[in-house]
Amino acid sequence: MTIPRPHHPKNHPDRFADCQRAIEDRLLELLGDAITAGWTRTEILAAIIEVANNTSLAMHKNMGLSVEAALRKLRP
């Protein structure tokens, strides 16, 4: 299943809602697959939230490390 491309530029007020709609079908598919595998809806949703939070934190941490590395290159 393909996720649709954005229809609005990055700062458009509807872009976040569009993104949610764009990923909703895939998320529901994941939820169904996990339920079929034997996980409960509560476990799955909690796990999705945790994975999303951890991924976000890791991305921010990696971004910080990239900035630090770039700054070190600029120092004499």
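The numbers here are math on the coordinates, done by the rules we state, and not lab data. As the structure is a computational prediction, the values presented were derived from the model and not from experiment. Quick reminder, even Gly has a Cβ in these numbers, built from the backbone with ideal geometry, and neighbours come from all protein chains shown.
Please rank I3, I48, fewest neighbouring Cβ atoms within 10 Å first, as an exposure proxy.
If I rank by nearby Cβ atoms, fewest first, I get I3, I48.
Give me the extension gain from D25 to L74: residue separation times 0.36 nm, minus the current Cα-Cα distance, reported in nm with one decimal.
13.1 nm
Quick check on the exposure proxy: order M59, M1 from fewest to most C-beta atoms within 10 angstrom.
Ascending Cβ contact count within 10 Å gives the list M1, M59.
Multiplying the sequence separation of M1 and E50 by 0.36 nm and subtracting their Cα-Cα distance, what value in nm do you get?
15.3 nm
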